[in-house]
Amino acid sequence: MTPVQRTVTKTLVALVAMVGFTIALVPLYDVFCQITGLNGRAASEPKAFASGNVDESRYVTVQFITRKGSGLPWRLEALDNQIRVHPGQAYEVDFVFTNYGKVAYRGRAVPSISPGEASLHLRKVTCFCFQEQRLEAGERVQLPMVFQLSRDLPESVHTVTLAYTLYPITDHMAASNNGAISQGGDA
Amino acid sequence: MAPKIPPKARLEHSESVTGGAAVDEHEHHPSGPLRWLLTTNHKEIGTLYLIFSLTMFLIGGVMALVIRVELFQPGLQLVRPEFFNQMTTMHGLIMVFGAVMPGFVGLANWMVPLQIGAPDMALPRLNNFSFWLLPVAFLLLLSTLLMPGGGPNFGWTFYAPLSTTYSPPSTTFFILSLHMAGISSILGAINIIATILNLRAPGMRLMDMTLFVWTWLITAFLLIAVMPVLAGVITMMLMDINFGTSFFNAAGGGDPVLFQHLFWFFGHPEVYIMILPAFGIISIIVPTFARKPLFGYASMVYATASIAILSFLVWAHHMFSVGLPLIAELFFMYTTMLIAVPTGVKVFNWITTLFRGSITFETPMLFSLAFIVLFTIGGFSGLMLAIAPADFQYHDTYFVVAHFHYVLVPGAVFSIMAAVYYWLPKWTGHYPDERIGRWHFWLSVIGVNLLFFPMHFAGLAGMPRRIPDYALQFADFNMASSIGGFLFGFSQLLFVWVVIKCVRGGETAPAKAWDGATDLEWSVPSPAPLHTFETPPDLRRVAG
């Protein structure tokens with residue numbers, strides 16, 4: 001091999017390595033978000049409640065926001081827009097799904113929590129967000145969400161916002177994401 | 001130290017070689033109409049790159065003038081908002097990928113072999129291929145403007161989901177053309193690395209190379225590192241659009257913020273790709289016209305390398321307002337500010353080189369001095385933007401537009417112009433017309449400041465970017481900017497005139513066209529013959 005060929009080979013190896021690194025960044029980003037709770041990603045699986053006493057010395061405001069992605073004629077409402085909670089105590093909040101379309105649709109509510117550091121401390125045992133929903137035309141269902149803010153929530157957090165965005169589920173999405181969407185279920 | 005011209009005996013030797021019998025066996029380059037299509041000569045390919053870059057600069061400039069004429073007054077006058085969005089997007093894409101990057105590659109093609117004493121680039125056929133990808137890529141990109149739904153309209157940063165879910169049907173062509181431009185850059189970078197690392201004249205150590213060669217070597221490594229990331233991002237976009245994946249689609253489990261992370265992981269090194277070769281050019285021109293060796297050669301090399309390494313650790317400063325955790329905001333704020341240190345080293349070294357120099361103000365020097373002053377202004381507004389809490393205010397305003405135009409126009413573009421004025425005698429054998437050059441310089445400097453300085457104020461007052469209309473209180477700033485824009489835009493016709501005039505004739509330049517020039521390229525005749533350094537100059541120091 002001439003010196004030029006050696007240099008070119010090395011740069012090509014670096015090039016292929018960078019392509020691999022770029023592809024690897026996608027799953028790495030997901031893992032990173034799961035571990036750190038950035039983007040509220042940590043909130044989409046059920047978790048057992050942390051045991052221990054209720055911290056009655058402080059209140060945290062939990063707000064519920066719902067949004068609708070495009071392509072789904074649904075409405076999602078939280079029956080309580082915000083509640084004041086003690087860390088450590090379990091609470092149940094009800095949400096109402098309405099399909100005002102003319103046919104049945106499948107959809108899923110994807111949660112997101114801000115600030116990001118709170119997402120590791122918000123534990124949900126029951127949530128409609130763990131599974132996809134199917135609503136007939138005009139159907140209206142009320143579904144519960146049971147959660148607890150763990151006691152080790154940082155003192156600096158006074159307000160936690162839990163946002164649900166409704167997305168339609170199309171057939172090919174359901175096929176490719178089968179595992180991810182229906183994992184868990186009610187604990 | 002930069003290498004000195006070899007002794008007189010060597011100089012004559014290399015001249016005699018270029019006219020001698022050794023050349024004849026290499027005189028099989030293509031002729032006739034296919035000459036430019038098939039050429040593998042680094043000088044001809046360099047010329048092609050530079051002509052392509054100038055053409056793209058003028059096309060992108062016309063788009064900028066469409067933007068400025070629409071923004072001359074508040075309200076919608078000339079173009080529809082949809083078309084305005086296509087203009088801002090295409091202007092950015094063409095200037096970044098079509099004008100500035102090929103401009104620097106063209107200069108590298110011409111000057112790197114001459115400055116290291118190599119007969120040609122290491123991979124001449126690849127060189128031809130990487131150039132000819134570009135006209136195809138940009139014809140395809142420009143043709144999207146005529147397609148149903150129009151061209152790309154999502155900004156040159158093509159954030160998802162604007163560029164996926166809500167993009168025009170032509171986006172697939174945009175992706176293909178960007179892929180081709182990316183492959184062209186990668187192949188060019190491989191070629192430059194192979195040339196610099198293997199074809200240096202005997203005795204030329206890495207630390208003997210000129211700063212232009214050094215900065216290009218580091219830039220080429222940056223290109224190898226980040227162009228695959230760009231290719232990956234646009235491939236993911238392609239799959240999201242056409243194959244139902246959800247990399248950037250939250251409905252399918254993806255994340256649009258991931259797009260921004262990946263894009264800026266490419267994008268921030270990319271902005272240094274567009275400025276490091278400029279640093280190299282200025283580091284050659286300033287010592288020539290100050291008639292002093294460059295102050296702090298080694299520190300310049302290390303500063304360039306530090307900037308390149310730090311560029312991988314600052315990408316999220318473009319994303320302060322997406323909702324990063326506090327620790328990340330702080331990290332990216334501090335690393336960004338850290339870049340000011342090696343950049344400051346460079347600026348101070350240029351100033352110290354000027355100190356007590358015997359300075360003359362030929363056109364290349366005028367552009368270089370303007371570069372130092374105006375690039376530093378752009379650097380300072382960059383530092384203001386680096387402050388995360390302040391950036392929440394400045395984000396997506398005209399302040400950002402002012403900042404990056406200051407570093408790219410009187411920064412990168414002025415350095416290319418300085419380089420063209422500096423090396424035109426070597427390329428054509430004639431000096432560029434000094435009188436028209438001065439007119440071009442002064443009109444450009446006045447135009448560029450009138451164009452971009454008021455944008456700082458408009459941005460601080462809250463004017464958002466990429467919108468064809470604006471509130472009344474921004475009217476005066478925008479009118480000044482538009483007048484400056486037309487002044488700057490039309491004064492570039494003087495540049496075209498100077499170049500054409502210089503190619504056709506003018507005062508004859510000797511081999512060493514500038515009094516204070518010391519680098520190797522000035523040892524070959526002007527104009528440089530098609531083949532140079534077939535016998536490499538021997539720079540080995542006499543032992544003992």
What is the residue count in the stretch B:497-527 for residues that are out of contact with any Phe, Trp or Tyr (no Cβ under 7 Å at 6 or more places or on another chain), of a type outside the set (Val, Ile, Thr) and within 26 Å of B:Ala122 (Cβ to Cβ)? 8
All positions within the stretch B:369-398 that are in contact with a helix residue (DSSP H, G or I) (Cβ under 7 Å, 6 or more places away or on another chain) and among the aromatic types (Phe, Trp, Tyr): B:Phe371, B:Phe375, B:Phe392, B:Tyr394, B:Tyr398
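Find the helices (runs of 4 or more DSSP H) located wholly in the stretch B:1-111 whose residues include 3 or more that are open to solvent by less than 30 Å² (accessible area, probe 1.4 Å) and at pLDDT 95 or above, and list them. Write out each step before concluding.
Numbers: elements: B:8-19, B:21-24, B:35-38, B:42-70, B:81-93.
Because the criterion is at least 3 residues that are open to solvent by less than 30 Å² (accessible area, probe 1.4 Å) and at pLDDT 95 or above, the helices (runs of 4 or more DSSP H) in the stretch B:1-111 that meet it are B:42-70, B:81-93.
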I'd like to know if the stretch A:21-34 contains one or more residues that are open to solvent by less than 60 Å² (accessible area, probe 1.4 Å) and either at positive phi or more than 14 Å from chain B (Cβ to nearest Cβ) (or both). no
Options B:Val229, B:Val233, B:Val257; residue that is touching a Leu at 6+ places or on another chain (Cβ under 6 Å) and at the interface with another protein chain (Cβ under 10 Å from one of its Cβ atoms): B:Val233
Qualifying positions in the stretch B:439-494 - at positive phi and more than 27 Å from the chain's Cα centre (by Cα): B:Gly462
Only residues that are surrounded by fewer than 17 Cβ atoms within 10 Å (Cβ to Cβ) and closer than 30 Å to B:Phe247 by Cβ: list them for the stretch B:112-141, please. B:Val136, B:Leu139
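Scan the stretch A:112-144 residue by residue and report those that are basic (Lys, Arg) and crowded, with 21+ Cβ neighbours inside 10 Å.
So in the stretch A:112-144, the residues basic (Lys, Arg) come out as A:123-124, A:134, A:140.
If the condition is that a residue be basic (Lys, Arg) and crowded, with 21+ Cβ neighbours inside 10 Å, then A:Lys124 is the only one that fits.
Which of the residues spanning the stretch A:86-111 are of a type in the set (Gly, Ala, Ser) and either surrounded by fewer than 21 Cβ atoms within 10 Å (Cβ to Cβ) or within 16 Å of A:Tyr59 (Cα to Cα) (or both)? Even if it seems obvious, please write down each step before you answer.
Step one: filter the stretch A:86-111 for residues of a type in the set (Gly, Ala, Ser), giving A:88, A:90, A:101, A:104, A:107, A:109.
Matches in the stretch A:86-111: A:Gly88, A:Ala90, A:Gly101, A:Ala104.
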Looking at A:Leu38, A:Leu15, can you tell me which residue is closer than 30 Å to B:Leu197 by Cα, open to solvent by less than 40 Å² (accessible area, probe 1.4 Å) and touching a helix residue (DSSP H, G or I) at 6+ places or on another chain (Cβ under 8 Å)? A:Leu15
For the stretch A:159-176, state whether one or more residues are farther than 23 Å from A:Arg58 by Cα, assigned to a strand (DSSP E or B), modelled with pLDDT under 85 and within 14 Å of another protein chain (Cβ to nearest Cβ). yes
Please find, within the stretch B:297-314, the residue that is most open to solvent (accessible area, probe 1.4 Å) out of those that are touching a residue at least 12 places away in the same chain (Cβ under 8 Å) and out of contact with any Pro (no Cβ under 8 Å at 6 or more places or on another chain). B:Leu313
Subset of the stretch B:428-463 (residues that are of a type in the set (Phe, Trp, Tyr) and surrounded by 23 or more Cβ atoms within 10 Å (Cβ to Cβ)): B:Phe441, B:Phe452
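The values are calculated or read from the model by the stated rules, or taken from the named source; none is laboratory data. Everything numeric in this text was worked out from a predicted model, so none of it was measured. Please note: Cβ atoms are built from the backbone with ideal geometry, for glycine as well, and neighbour counts cover all protein chains shown. To get the accessible areas, we keep the full protein, side chains included, count just its heavy atoms, and leave off ligands, DNA and RNA. Shrake-Rupley method; radii C 1.70, N 1.55, O 1.52, S 1.80 Å.
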